[in-house]
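Note sheet for the following structure.
The numbers here are math on the coordinates, done by the rules we state, and not lab data. For clarity, every value in this text was computed on a predicted model and none was experimentally measured. Backbone-built Cβ (ideal geometry, glycine too); neighbour counts: all protein chains shown.
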Amino acid sequence: MFNADLDDLQSRRGRAGGGELDFLLACTYRLLGRRSLSTGDVIAVTREETTTFLACEVTGWRPVPRPENRTGQALTSATIYDHLSRGRHA
């Protein structure tokens, strides 16, 4: 969804299955200045203290072992709040 056209996501907002959430996440991701994901990029998804690493494929995602050399910052609710609150006071 981070690479999807926002107009396409906008048209799916009312659909069941997370259309609204997909749109809001993609908008937030872009407002934070994050770049789009490309084939081969790896992301970490953490839920309830369990982290899963996924590699971006041409279509979909492939689970991969934990990378040894990680870069970048985690996108967390605290990161989003900090970014948005600084933007309001700038």
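Computed from these coordinates, which is Rg and Dmax of the Cα atoms in Å: (i) 19.4, 54; (ii) 14.0, 45; (iii) 14.6, 41? Looking at Rg and Dmax of the Cα atoms in Å for this model, the match is (iii). The ranking of 51, 79, 71 by Cβ neighbour count inside 10 Å, starting from the fewest, reads 71, 51, 79. Along the stretch 53-59 the Karplus relation, 6.51 cos²θ - 1.76 cosθ + 1.60 evaluated at θ = phi - 60°, assigns HN-Hα couplings of 9, 10, 9, 6, 9, 4, 9 Hz to successive residues, with x for each Gly and Pro. Give the residue from 76, 45, 16 lying farthest towards the positive end of the charge dipole for the chain; charges sit on Cβ (+1 for Lys and Arg, -1 for Asp and Glu) and the dipole is referred to the Cα centre. The one lying farthest along the dipole's positive direction is 76. Considering helices alone, the calculated mean residue ellipticity of the chain at 222 nm is -10500 deg cm²/dmol, with DSSP H runs of length four and up weighted by -39500 (n - 2.57) and normalised per residue.
Note on residue 47 and residue 77: the model spin-label points, each 7 Å out from Cα along the C-beta direction, lie 1.6 nm apart. If only the Cβ of Lys and Arg carry +1 and only the Cβ of Asp and Glu carry -1, the dipole of the chain around its Cα centre is close to 200 debye.
Spatially, the stretch 32-63 and the stretch 1-17 are offset by 19 Å when compared through their Cα centroids.
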